[in-house]
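The values are calculated or read from the model by the stated rules, or taken from the named source; none is laboratory data. Since this is a predicted model, take the numbers as computed values, not measurements. Glycine also receives a Cβ, built like all others from the backbone with ideal geometry; neighbour counts cover every protein chain displayed.
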Amino acid sequence: MKTTCPYCGVGCGVEVNAQGEGWRVSGDGDHPANTGRLCVKGAALAETLIPAGRLLWPQIAGRRVSWQTALDSVAERLQAIIQQHGPNAVAFYASGQLLTEDYYVANKLMKGFIGSGNIDTNSRLCMASAVTAYKRALGADAVPCCYEDFDHAEVIVLAGSNAAWTHPVAWQRLVQAKQQNPALRVVVIDPRRSASCDLADLHLPLTPGSDGALFNGLLRWLAQGGYGDSVMQPQLDQVAETLAAAADWTPAHVAQACQLPQEEVEQFYRLFAAHQRVLTLWCMGINQSSSGSDKCNAILNAHLFSGKIGRPGSGPFSLTGQPNAMGGREVGGLANQLAAQMDFTPENIDRLQRFWRSDRVATQPGLKAVDLFQAIGRGEVKAVWIMGTNPAVSLPDGNAVAQALQRCELVIVSEVMRATDTSAFADILLPAQAWGEKNGTVTNSERRISRQRAFMPAQGEARPDWWMLAQVAQRLGYGAAFNWQHPAEIFREHAALSGFENQGRRAFDISGLAQLSNLQWERLQPVQWPVNGDFPQGRARLFGERRFYHPDGRARLLPVTPVGPRVATSQRWPLMMNTGRIRDQWHTMTRTGLVPRLLQHTSEPFVAIHPDDALRQGIWPDTLVRIQSRHGWMIARASLTEDQTPGTLFVPMHWNQQYCAEGNVDRLVAPWRCPHSGQPESKQTPVRIQSWHSDWQGMLFLRDNVTLNPIRWWCRVPIAGGIARFTLAHDGDPRCWLQGLLKPEWTLQQAGDERDFHHLVAWYQGEVQLAFYAAARRPVVDETLIATAFQQPPDSAASRFALLAGRAMQGEARGKTVCSCFGTGEQQIAAAIRQGALNCATLGQQLKCGTNCGSCLPELKKLIAQHAPQQAEAESGRSA
Ligand SMILES: Nc1nc2c(c(=O)[nH]1)N[C@H]1C(S)=C(S)[C@@H](COP(=O)(O)OP(=O)(O)OC[C@H]3O[C@@H](n4cnc5c(=O)[nH]c(N)nc54)[C@H](O)[C@@H]3O)O[C@H]1N2
Ligand SMILES: Nc1nc2c(c(=O)[nH]1)N[C@H]1C(S)=C(S)[C@@H](COP(=O)(O)OP(=O)(O)OC[C@H]3O[C@@H](n4cnc5c(=O)[nH]c(N)nc54)[C@H](O)[C@@H]3O)O[C@H]1N2
Ligand code: SF4
Ligand SMILES: [Mo]
């Protein structure tokens with residue numbers, strides 16, 4: 001069965017086949033987005049298809065109820081609030097991980113029939129700035145480019161994108177493009193040296209938030225050098241104003257604002273100017289900013305002015321994060337859009353009233369995500385239905401979000417997992433079908449619509465999100481408009497709306513798919529919109545004919561006045577904290593956190609800090625630190641690295657209360673947002689940092705599902721065989737703390753001293769029940785050895801002693817996992833390098849590392865440089 005990966009916006013095609021009791025997942029060789037490749041997250045999908053932790057039936061106030069009762073209750077309680085306080089007292093908060101069909105129904109119900117604009121989505125935290133910028137520049141939210149452009153480009157600029165980790169399969173295509181065309185130049189614009197810098201010919205580690213200045217300077221450079229495209233000029237509006245706004249941004253001025261060597265700034269400008277086929281890929285380092293929309297427009301300005309758009313290998317390409325962020329943009333999932341990419345104009349409102357046959361269509365945009373949760377906090381919005389997103393983890397100002405959810409009169413959550421930080425606040429929990437069970441369409445970064453197909457029965461009583469929404473709509477009295485039996489019917493309606501009275505005026509038009517039969521929809525092949533009379537097979541690139549979607553057919557440059565982060569660092573808050581993704585985890589970890597091998601590469605929340613800053617703050621490598629902002633605090637492990645520019649920190653966004661104590665970074669992030677897009681500034685938070693002390697730290701291994709005794713800090717990692725490993729930090733005597741977890745019938749084997757050193761293994765009927773290791777610092781133990789002991793109890797005195805010691809008496813440890821696909825450890829790799837495996841290919845032959853998804857290749861190269869520096873120098877000498 002062919003389907004689409006549910007993680008990132010690359011939108012890879014996946015083939016799923018039954019294998020024994022379970023499933024085998026591989027890349028779909030026919031899918032144009034990935035031609036058979038998968039990254040480590042996609043390759044581990046089969047391991048997430050497990051019942052563990054799933055929400056299996058509806059619940060009200062924690063009690064199991066029937067669907068009938070749950071849906072009646074949702075409808076009655078929403079109705080009561082609407083009657084008393086009006087439609088704007090209720091809201092939906094949706095997600096770029098819903099299917100297009102789900103999303104369409106949610107939007108239709110809220111904007112079309114409840115009559116409020118209050119449906120927004122986690123895409124507000126993600127794509128909103130890019131959407132605003134595309135609309136301002138091109139007149140439509142229409143991404144001009146496609147992945148095939150990678151193969152044609154002469155220069156690829158990655159601005160605020162760590163694609164090596166976040167769009168790994170697209171990245172592999174880029175790696176391949178560079179192999180095939182060594183003249184291809186790659187520029188990475190990122191304050192930290194990310195994994196994506198591995199391929200960079202030029203890395204510009206600019207001051208956080210200074211991209212607006214860099215791109216304004218680029219526009220000025222293009223204008224001064226006469227690089228304006230002559231065919232394009234008559235098609236551009238506001239050129240003079242925009243060039244005037246950029247006039248001050250000389251390379252010297254830019255270099256100073258971005259704290260970059262002027263020579264490197266000019267090198268970037270020369271590369272961009274000299275080539276026609278230039279592709280700028282941008283992502284969250286640009287969008288997530290209090291001036292995000294303007295930064296996106298600064299990028300668009302440079303491309304439009306120099307005509308680098310709509311031709312093979314060139315264009316401003318916003319990479320979408322989620323599998324269906326784009327689908328959400330299409331259906332109107334953002335509070336400031338109506339549907340089918342229509343804005344709130346009287347003409348569009350009228351059009352929708354006629355199409356939906358409703359006289360209640362919302363006439364005003366609704367509240368954007370951060371504003372929505374603030375309104376909930378103030379008690380103005382009294383009911384929220386959260387679907388497919390985990391705002392208690394992912395929204396900024398997390399403490400305020402938790403308070404808002406706590407006080408909200410009615411919180412409805414549709415979820416696939418039972419326990420999340422958000423579901424903890426739910427009055428009504430609705431079990432949603434997960435990937436593999438649900439059936440619909442998604443749109444990826446390059447406007448490509450693909451099918452996610454159901455290939456397994458739903459767990460428990462899980463139902464599709466669209467079905468729940470339609471059921472509630474019927475109970476609210478809108479039955480006729482929500483009477484679908486099959487998702488294909490919803491898709492046809494959505495497709496028909498996109499073409500309704502369109503006449504080429506709206507970019508989003510898939511009217512060519514409005515007549516698909518259910519069977520044709522089932523078999524739909526990946527296709528890039530528009531799909532209509534002019535482009536029945538879809539269209540790879542837009543704007544080649546230099547016609548845009550503003551009423552006059554022209555594109556618009558936008559004068560940009562670069563501004564820095566909303567709040568700068570200060571003596572009190574001296575470090576700028578950046579947040580983002582790690583390679584093997586997806587967002588709030590609800591699915592990737594289930595897979596042991598995806599937690600091997602990085603298993604705890606960390607803070608990356610430059611060694612100079614660490615020294616200044618008295619922070620040792622691998623110790624726990626407390627990070628504090630004006631809004632909240634967290635605990636993370638210090639990871640000292642020169643990849644950070646001094647003065648900056650990086651903290652992953654993923655950890656939350658299901659996996660650790662005090663690891664939610666969004667509690668620190670301020671709710672500042674871009675005035676145009678409403679997107680929050682997730683990348684720049686001024687903080688301070690100090691080391692955090694506890695009397696002891698421990699490692700606890702046990703069979704999963706235990707409530708820990710109260711403890712100052714913990715972090716949980718599932719390891720193979722259903723065993724959980726906790727890292728712990730606490731005060732007092734570790735033996736006292738441990739007491740509460742031990743059962744009287746267990747036999748104990750112990751070693752330790754009177755202070756903080758304590759090892760204990762608990763046995764019952766010949767099986768290991770629990771293993772505990774505590775010391776003043778984090779104990780170093782061999783996890784594989786301990787995990788194996790749970791499966792196969794050690795049977796000799798020596799091996800029992802090794803278990804108590806926490807490590808083998810001889811033999812070589814594998815070390816920290818570098819390659820998650822094959823579980824290859826750092827020590828193994830280092831040993832192989834010392835024995836002469838001096839390039840990635842040889843390492844791959846010997847240890848298999850790096851030969852599957854390739855996302856560890858940057859680290860392999862680093863290890864080679866570290867363990868065989870002469871070799872690395874020789875290599876770089878050769879290529880110079
Ligand atoms: N492994 C993994 N992949 C994912 C996801 C995931 O959770 N895990 N999530 C998906 C989603 S929804 C999204 S939106 C994408 C996000 O994909 P990306 O945007 O690539 O990921 P991030 O790590 O959020 O941030 C990207 C980079 O922006 C840099 N940055 C920070 N501040 C600035 C700045 O001021 N200027 C510039 N130029 N750069 C800056 C950061 O250092 C970081 O390297 O990833 C998608 N793919
Ligand atoms: N500090 C900081 N914060 C950030 C970011 C950052 O870079 N830094 N990035 C932001 C960005 S770009 C994004 S996209 C967000 C992501 O943040 P979230 O959207 O909050 O993260 P997810 O973990 O993807 O949440 C999806 C939830 O939906 C559930 N789910 C999965 N499939 C389904 C389904 O089919 N139906 C239903 N009903 N539920 C389902 C999952 O179990 C999970 O709980 O985080 C944002 N927050
Ligand atoms: S690159 Fe993205 S879409 Fe492709 S397999 Fe990985 S997570 Fe899935
Ligand atoms: Mo995102």
So, first residue without any contact (Cβ under 8 Å) to a residue 12 or more places away in the chain in the range 351-378, second residue in a helix (DSSP H, G or I) and surrounded by fewer than 20 Cβ atoms within 10 Å (Cβ to Cβ), Cβ within less than 8 Å, six or more apart or across chains; the pairs are D359/Q353
In the range 4-24, which residue that is crowded, with 23+ Cβ neighbours inside 10 Å and not in a loop (DSSP other than H, G, I, E, B) is nearest to ligand 2 (Cβ to nearest atom)? T4
Report yes if some residue within the range 331-344 is buried (at least 24 other Cβ atoms within 10 Å of the Cβ), among the charged types (D, E, K, R) and outside the structural domain of T579 (by TED's automatic domain parsing); otherwise report no. no
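Only one of these is away from ligand 1 (no atom under 16 Å from the Cβ), crowded, with 24+ Cβ neighbours inside 10 Å and closer than 25 Å to R378 by Cβ: I119, I82. Name it. Break it down stepwise before answering.
On the way: I82 fails: crowded, with 24+ Cβ neighbours inside 10 Å.
Testing whether each residue is away from ligand 1 (no atom under 16 Å from the Cβ), crowded, with 24+ Cβ neighbours inside 10 Å and closer than 25 Å to R378 by Cβ leaves just I119.
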Anything in the range 164-203 that is in a helix (DSSP H, G or I) and small (G, A, S)? List them, or say none. A164, A170, A177, A195, S196
Out of (1) modelled with pLDDT under 95; (2) away from ligand 1 (no atom under 16 Å from the Cβ); (3) part of a loop (DSSP other than H, G, I, E, B); (4) in contact with a Phe, Trp or Tyr (Cβ under 8 Å, 6 or more places away or on another chain), the one A33 does not meet is (2)
Per the list (1) of a type in the set (G, A, S); (2) part of a loop (DSSP other than H, G, I, E, B); (3) modelled with pLDDT of 95 or more, residue check on S498 breaks on (2)
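Can you find a residue in the range 113-129 that is within 20 Å of Q353 (Cβ to Cβ) and assigned to a helix (DSSP H, G or I)? Step through it out loud before you land on a result.
Step one: of the range 113-129, the residues within 20 Å of Q353 (Cβ to Cβ) are 113-119.
Okay, now just the ones that are also assigned to a helix (DSSP H, G or I), so 113-114.
Yes, some residue in the range 113-129 is within 20 Å of Q353 (Cβ to Cβ) and assigned to a helix (DSSP H, G or I).
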Top-ranked residue in the range 499-525 [being of a type outside the set (F, W, Y) and in contact with an Asp or Glu (Cβ under 7 Å, 6 or more places away or on another chain); ranked as nearest to R451 (Cα to Cα)]: G499
Matching residues in the range 698-725 (assigned to a strand (DSSP E or B) and touching a Gly at 6+ places or on another chain (Cβ under 8 Å)) number 4
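Would you pick out the residues in the range 26-39 that are crowded, with 23+ Cβ neighbours inside 10 Å and either of a type outside the set (K, R) or on the phi > 0 side of the Ramachandran plot (or both)? Before the answer, list the steps.
Filtering the range 26-39 for residues crowded, with 23+ Cβ neighbours inside 10 Å gives 28, 31, 33-34, 37-39.
Once the filter is applied, which keeps residues that are crowded, with 23+ Cβ neighbours inside 10 Å and either of a type outside the set (K, R) or on the phi > 0 side of the Ramachandran plot (or both), the range 26-39 yields D28, H31, A33, N34, L38, C39.
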Does the range 321-328 contain at least one residue that is more than 16 Å from ligand 4 (Cβ to nearest atom) and either part of a helix (DSSP H, G or I) or in the same structural domain as F215 (by TED's automatic domain parsing) (or both)? no
The one condition in (1) in contact with a strand residue (DSSP E or B) (Cβ under 8 Å, 6 or more places away or on another chain); (2) outside any strand (DSSP E or B) that M577 fails to fulfil: (2)
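Criterion first (under 40 Å from the mean Cα position of the chain (by Cα) and among the acidic types (D, E)) does D733 satisfy it? Walk me through it before giving the result.
On the way: under 40 Å from the mean Cα position of the chain (by Cα): no; among the acidic types (D, E): yes.
Answer is no for this residue.
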If you check V16 against the conditions, is it hydrophobic (A, V, I, L, M, F, W, C), within 23 Å of the chain's Cα centre (by Cα) and not assigned by TED's automatic domain parsing to the domain that holds V413? no
Across the range 135-149, which residue is nearest to ligand 1 (Cβ to nearest atom) among those that are touching a strand residue (DSSP E or B) at 6+ places or on another chain (Cβ under 7 Å) and closer than 12 Å to F317 by Cα? V143
Could you list all residues from the range 370-392 that are under 25 Å from the mean Cα position of the chain (by Cα), under 22 Å from M468 (Cα atoms) and outside any strand (DSSP E or B)? G388, T389, N390, P391
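So which residues in the range 661-683 are touching a Ser or Thr at 6+ places or on another chain (Cβ under 7 Å), part of a loop (DSSP other than H, G, I, E, B) and within 16 Å of ligand 1 (Cβ to nearest atom)? Even if it seems obvious, please write down each step before you answer.
Filtering the range 661-683 down to residues touching a Ser or Thr at 6+ places or on another chain (Cβ under 7 Å) leaves 665-666, 668-670, 672-674, 676-677, 679, 681-683.
After this cut, where a residue has to be part of a loop (DSSP other than H, G, I, E, B) as well, the list is 668-670, 672, 674, 676-677, 679, 681-683.
Within the range 661-683, L668, V669, A670, W672, C674, S677, Q679, E681, S682, K683 qualify.
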Report whether or not A362 is of a type outside the set (F, W, Y), touching a Pro at 6+ places or on another chain (Cβ under 7 Å) and buried (at least 17 other Cβ atoms within 10 Å of the Cβ). no
Hey, among T747, T727, which residue is among the hydroxyl-bearing types (S, T, Y), closer than 12 Å to G698 by Cβ and out of contact with any helix residue (DSSP H, G or I) (no Cβ under 9 Å at 6 or more places or on another chain)? T727
Does D397 satisfy the condition of being among the acidic types (D, E) and in contact with a strand residue (DSSP E or B) (Cβ under 6 Å, 6 or more places away or on another chain)? no
